[in-house]
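Engineer: This is the structure I have questions about; it appears just below.
The values are calculated or read from the model by the stated rules, or taken from the named source; none is laboratory data. Just so we're clear, the structure is a prediction, and the values are computed from it rather than from any experiment. Backbone-built Cβ (ideal geometry, glycine too); neighbour counts: all protein chains shown. For the accessible areas, the whole protein counts, side chains as well, though only heavy atoms, and no ligand, DNA or RNA atoms are used. Shrake-Rupley method; radii C 1.70, N 1.55, O 1.52, S 1.80 Å.
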Amino acid sequence: MKQLEKLYEGKAKQVVATEDPTRIIIHYKDDATAFNNIKKATIYNKGILSNAISTLIFRHLEAQGIPTHYLDTLNERDQLCRKVQIFPIEVVVRNIIAGSMARHLGMAEGFEPKNTIYDICYKNDDLGDPLMNDHQAVALELATYEELAEIYDLAGRINEVLKELFLKIGIKLVDFKVEFGKTEDGRIVLADELSPDTCRLWDIETGEKLDHDRFRRDLGGVREAYEEILRRLEGCMK
Ligand code: UDP
């Protein structure tokens, strides 16, 4: 698939046009950012690891009947995906309290509520991706109530599949962020990526953080954590 012009450059990825207007290529970079771009670094081969991990997760979700934008992995940094119109909404699914929810509500990290928590944020860097509710998202015409209902349903199904997958490899799926898009024929599908950049993953035995928090919180061993997640996923999917 021939690569044409760059359509978009994000923090960790580039989106590149192809000869087919319904297909794009997602290119994974080694850049790491946190706190809305205030903290930046390059982590050697992180893009390769995130591409490999996201590939395994998207293939697994597709096999479990979750519609996604994923089509193929072309090489160690590039994925071929369906071109979608992204909803400017980040959906965060939380099984265990951590990060911004712990901070905003004064809760202890690690508390496991009985219910699953769904947050939505407005994807807008200038505003710092603020938390919003469904009514605000509809008022901003980011999505309709019907689309939001479908998005929450998909997010819940993704959570069930991923909790089970990570449990098999000795990992607690604490929380994760997902984005959705609409295909040309109007279907809502999972888009973006799922990797340690977008999930909190804690080792069940040791509680060790094996995700992007190692970068955000200066814990060191970021690449090693991503390598460990990839190694365990490959082992379980053989
Ligand atoms: N997350 C993400 N991109 C963002 C914000 C959050 O992928 O721009 C992920 C993050 O890695 C975590 C989950 O969403 O797995 C919840 O993040 P939280 O709201 O706690 O924000 P944080 O405190 O990490 O900024």
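Engineer: Residues that are among the β-branched types (Val, Ile, Thr) and more than 22 Å from His27 (Cβ to Cβ): does the stretch 213-226 have at least one?
Structural biologist: no
Engineer: Among the residues in the stretch 12-24, are any in contact with a Phe, Trp or Tyr (Cβ under 8 Å, 6 or more places away or on another chain), within 27 Å of Ala143 (Cβ to Cβ) and basic (Lys, Arg)?
Structural biologist: Yes, that holds for at least one residue.
Engineer: Looking only at residues that are assigned to a loop (DSSP other than H, G, I, E, B), of a type in the set (A, V, I, L, M) and within 28 Å of Ala52 (Cβ to Cβ) in the stretch 71-118, which one is most open to solvent (accessible area, probe 1.4 Å)?
Structural biologist: Leu74
Engineer: Same structure, new question: Which count do you get for residues in the stretch 139-157 that are in a helix (DSSP H, G or I) and open to solvent by 50 Å² or more (accessible area, probe 1.4 Å)?
Structural biologist: Matching residues across the stretch 139-157 total 8.
Engineer: For residues that are touching a Lys or Arg at 6+ places or on another chain (Cβ under 9 Å) and among the acidic types (Asp, Glu), scanning just the stretch 193-207, find the one that is nearest to the ligand (Cβ to nearest atom).
Structural biologist: Asp197
Engineer: With in contact with a helix residue (DSSP H, G or I) (Cβ under 8 Å, 6 or more places away or on another chain), away from the ligand (no atom under 16 Å from the Cβ) and at pLDDT 95 or above as the only criterion, which of Gly235, Gly221 stands out?
Structural biologist: Gly221
Engineer: Continuing with this model, one more query. Which ones in the stretch 223-236 are in contact (Cβ under 8 Å) with a residue 24 or more places away in the chain and within 15 Å of Ser195 (Cβ to Cβ)?
Structural biologist: If the condition is that a residue be in contact (Cβ under 8 Å) with a residue 24 or more places away in the chain and within 15 Å of Ser195 (Cβ to Cβ), then Arg223, Ala225, Tyr226, Glu227, Ile229, Leu230, Arg232, Leu233, Glu234 are the ones that fit.
Engineer: Give me the residue from the stretch 119-138 that is in a helix (DSSP H, G or I) and out of contact with any strand residue (DSSP E or B) (no Cβ under 9 Å at 6 or more places or on another chain) and, out of that set, least open to solvent (accessible area, probe 1.4 Å).
Structural biologist: Val138
Engineer: With the requirement that a residue be buried (at least 16 other Cβ atoms within 10 Å of the Cβ), in a helix (DSSP H, G or I) and not β-branched (Val, Ile, Thr), what does the stretch 198-238 give you?
Structural biologist: Matches in the stretch 198-238: Asp213, Arg214, Phe215, Arg216, Arg223, Ala225, Tyr226, Glu227, Glu228, Leu230, Arg232, Leu233.
Engineer: Can you find a residue that is polar (S, T, N, Q) and touching a Phe, Trp or Tyr at 6+ places or on another chain (Cβ under 9 Å) anywhere in the stretch 116-132?
Structural biologist: So far as the stretch 116-132 goes, no, none of its residues is polar (S, T, N, Q) and touching a Phe, Trp or Tyr at 6+ places or on another chain (Cβ under 9 Å).
Engineer: Something else now. Only residues that are more than 16 Å from the ligand (Cβ to nearest atom) and either at positive phi or surrounded by 20 or more Cβ atoms within 10 Å (Cβ to Cβ) (or both): list them for the stretch 158-187, please.
Structural biologist: Result: Gly170, Gly186.
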